[in-house]
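A short worksheet on the structure shown next.
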Amino acid sequence: DAGVIQSPRHEVTEMGQEVTLRCKPISGHDYLFWYRQTMMRGLELLIYFNNNVPIDDSGMPEDRFSAKMPNASFSTLKIQPSEPRDSAVYFCASSLGTSKANTGELFFGEGSRLTVL
Amino acid sequence: GNSVTQMEGPVTLSEEAFLTINCTYTATGYPSLFWYVQYPGEGLQLLLKATKADDKGSNKGFEATYRKETTSFHLEKGSVQVSDSAVYFCALLSGSARQLTFGSGTQLTVLP
């Protein structure tokens with residue numbers, strides 16, 4: 001079975017450019033999470049969706065960040081305009097929930113390493 | 001609020017040494033507890049979990065016991081291998097929460 005698929009694996013861009021990161025969750029999973037990982041701040045939850053609906057975006061750093069999930073098999077995280085401090089590894093994860101809650105068993109993609117010069 | 005505290009790393013051990021990585025938590029209600037592992041260049045993956053007090057999660061020689069009285073979920077392995085070198089994250093899921101609370105991670109390096 002295919003796991004969570006993220007693209008691109010690596011992205012190098014210049015400050016001010018738009019960056020779009022993509023994620024395909026595991027088929028049948030109803031939760032999707034976007035995380036950011038840096039040495040300084042560790043693992044941070046940015047936003048998560050349940051059944052394609054954004055549930056909590058309180059971790060999104062600022063208005064430059066936006067995320068969408070137009071259908072159950074695709075999500076994007078967009079940064080516009082990008083800044084050097086956005087350099088990090090961005091992970092997408094999906095999970096299968098119960099009727100009321102996430103099970104906590106997350107499946108992570110391999111990450112997208114973003115470098116903003 | 002919910003929080004997870006892990007022992008600070010990095011931890012460096014020789015092959016076949018005994019491993020303990022401490023994890024304590026603060027949570028409302030009765031959380032489920034998890035250990036995730038991140039190998040170099042990869043995403044996190046679930047290592048083991050426990051859903052109620054006194055449960056023991058185990059996988060790949062690793063074990064952790066859910067101790068409600070001490071609010072702890074320490075990770076142990078009797079004999080580590082070089083291939084166990086990774087970052088280990090303790091996490092909890094509390095009540096009807098739909099997102100995990102992660103600890104800061106502990107870097108483990110095992111030397112041959």
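The table that follows gives values for the structure above.
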item	result
Selected residue (criterion: farthest from B:LYS77 (Cα to Cα)) from residues of segment B:1-32 that are in a strand (DSSP E or B) and not hydroxyl-bearing (Ser, Thr, Tyr)	B:VAL4
A:SER82 vs. criteria over 14 Å from the mean Cα position of the chain (by Cα), crowded, with 19+ Cβ neighbours inside 10 Å and over 14 Å from B:GLN99 (Cβ atoms)	yes
Segment A:14-41, subset of a type in the set (Val, Ile, Thr) and away from every other protein chain (no Cβ under 13 Å), residue farthest from the chain's Cα centre (by Cα)	A:VAL19
Breaking point among (1) more than 14 Å from every other protein chain (Cβ to nearest Cβ); (2) not in a loop (DSSP other than H, G, I, E, B), for A:VAL89	(1)
Selection within segment B:32-58 - within 14 Å of another protein chain (Cβ to nearest Cβ) and either of a type in the set (Val, Ile, Thr) or over 20 Å from A:SER94 (Cα atoms) (or both)	B:VAL37, B:PRO40, B:THR51, B:LYS52, B:ASP55, B:GLY57
Test: residue in segment A:46-64 that is closer than 19 Å to B:PHE34 by Cβ, in contact with a strand residue (DSSP E or B) (Cβ under 8 Å, 6 or more places away or on another chain) and surrounded by 21 or more Cβ atoms within 10 Å (Cβ to Cβ)	yes
B:PHE102 within 14 Å of chain A (Cβ to nearest Cβ), within 14 Å of the chain's Cα centre (by Cα) and more than 22 Å from A:LEU32 (Cα to Cα)	no
Failed condition for A:ARG113, given (1) outside any strand (DSSP E or B); (2) over 11 Å from the mean Cα position of the chain (by Cα)	(1)
Filtered residues of segment A:42-83 (kept if in a strand (DSSP E or B), aliphatic (A, V, I, L, M), within 14 Å of chain B (Cβ to nearest Cβ) and out of contact with any Pro (no Cβ under 9 Å at 6 or more places or on another chain))	A:LEU43, A:LEU45, A:VAL53, A:ILE55
Residue list for segment B:14-56, restricted to those being crowded, with 18+ Cβ neighbours inside 10 Å, of a type outside the set (A, V, I, L, M, F, W, C) and under 10 Å from the mean Cα position of the chain (by Cα)	B:TYR36, B:LYS49
Condition check for A:GLY42: free of Cβ contacts under 8 Å to residues at least 12 places away in the same chain, of a type outside the set (D, E, K, R) and over 15 Å from A:SER112 (Cβ atoms)	yes
Test: A:LEU77 is modelled with pLDDT of 95 or more, out of contact with any helix residue (DSSP H, G or I) (no Cβ under 8 Å at 6 or more places or on another chain), of a type outside the set (Gly, Ala, Ser) and under 18 Å from A:PHE108 (Cβ atoms)	yes
Members of segment A:22-41 found to be surrounded by 18 or more Cβ atoms within 10 Å (Cβ to Cβ) and part of a strand (DSSP E or B), listed by number	A:CYS23, A:LYS24, A:TYR31, A:LEU32, A:PHE33, A:TRP34, A:TYR35, A:ARG36, A:GLN37
Every residue from segment B:59-99 that is within 14 Å of chain A (Cβ to nearest Cβ), surrounded by fewer than 17 Cβ atoms within 10 Å (Cβ to Cβ) and at pLDDT below 95	B:GLY95, B:SER96
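The values are calculated or read from the model by the stated rules, or taken from the named source; none is laboratory data. Every value quoted in this text rests on a predicted model; they were computed, and no experiment measured them. Ideal geometry is used to build each Cβ from the backbone, glycine not excepted, and the neighbour counts take in all protein chains shown.
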